[in-house]
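The values are calculated or read from the model by the stated rules, or taken from the named source; none is laboratory data. Owing to the predicted nature of the structure, the values given are computational and were not obtained by experimental measurement. Cβ placement follows ideal geometry from the backbone for every residue including glycine, while neighbour counts extend to all protein chains displayed.
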Amino acid sequence: MIGRFHSLETFGTVDGPGIRYVVFFQGCPMRCKFCHNPDSWETNAGIEKTEDEILDDYKRNEAFYKNGGITATGGEPLLQLAFLVELFTKAKERGINTCLDTSGGIAINENNKPLLAKLASVCDLIMLDIKHSDPDGYKDLTNSNQLFPLEFLSFMDERNVNIQIRHVLVPGITMNDEQLVNLAKLIAPYKSVRSLDVLPYHTMGVNKYESLGMKYPLEGVREASKEEAIRARNLIAKTISDLRNNKTV
């Protein structure tokens, strides 16, 4: 099977546990205002590779990945669901740890449920980005539907897949306590959510937009600090804990 990819990284340290081989899938249905890889949006661009070529490349540096594995990110890997499942299935056959970094940006239907169920069986960790706690805010920030990641979260939670929620803290958009508490309320019921990562918004994508002749959507929005991200994470985590312990929030 042939897939399309934006790029491949052989020494990833922020894309799941340990040192990882990171596969950036080409194509994304979302248009997040803080995306730093807009060149990954187009579905027909990128490089073509088979799953065996990727795994053979992984094997060349396998010694580095003994505490890591393979991470599929993007773009949006779920757009190439059949390839993703094939890649992770073969990876698991070789004893390789698998991690999916996704925004859950596709609708679940009767046609893709069998593949998603298979994905659940061969995925060790899902890092799921939830961009905004409010449906309208989510739509404005991503040009997509908040129901998609929530339905994906529910589907994977039913299958007890290990899930880490990721959330980007953007000043003036997602960086307020009400939004953060509401995000906690969204994810608290899902027992498969076992970890949380709040990422401070950065402007490293600005130069790429300029090089592509594109206007940067969040021009003038300041970066969030690490301290602000830590505070936000603590607030979300405490709220989840309180809700799960039946405390008033």
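One residue stands out among those in the range 140-157 that are surrounded by fewer than 21 Cβ atoms within 10 Å (Cβ to Cβ) and not in a loop (DSSP other than H, G, I, E, B): the one that is farthest from the chain's Cα centre (by Cα), which is 140. Residues that are surrounded by fewer than 11 Cβ atoms within 10 Å (Cβ to Cβ) and either assigned to a loop (DSSP other than H, G, I, E, B) or among the charged types (D, E, K, R) (or both) within the range 210-225 comprise 212, 213, 215, 219, 220, listed in sequence order. In the range 10-57, the residue that is surrounded by the fewest Cβ atoms within 10 Å (Cβ to Cβ) out of those that are part of a helix (DSSP H, G or I), touching a residue at least 24 places away in the same chain (Cβ under 8 Å) and among the charged types (D, E, K, R) is 52. Applying a threshold of 7 Å to beta carbon distances and a minimum spacing of six or more residues, or different chains, the list of pairs starting in the range 111-139 at a residue that is surrounded by fewer than 16 Cβ atoms within 10 Å (Cβ to Cβ) and ending at one that is among the β-branched types (Val, Ile, Thr) and modelled with pLDDT of 95 or more reads 115/85. Give the residues of the range 226-249 that are part of a helix (DSSP H, G or I) and of a type outside the set (A, V, I, L, M), sorted by residue number. Answer for the range 226-249, where residues must be part of a helix (DSSP H, G or I) and of a type outside the set (A, V, I, L, M): 226, 227, 228, 231, 233, 234, 238, 239, 241, 242, 244. For the range 77-92, the count of residues that are surrounded by 18 or more Cβ atoms within 10 Å (Cβ to Cβ), touching a residue at least 60 places away in the same chain (Cβ under 8 Å) and of a type in the set (Phe, Trp, Tyr) is nonzero. Residues in the range 58-97 that are charged (D, E, K, R), modelled with pLDDT of 95 or more and not in a helix (DSSP H, G or I) were compared, and the one that is farthest from residue 6 (Cα to Cα) is 94.
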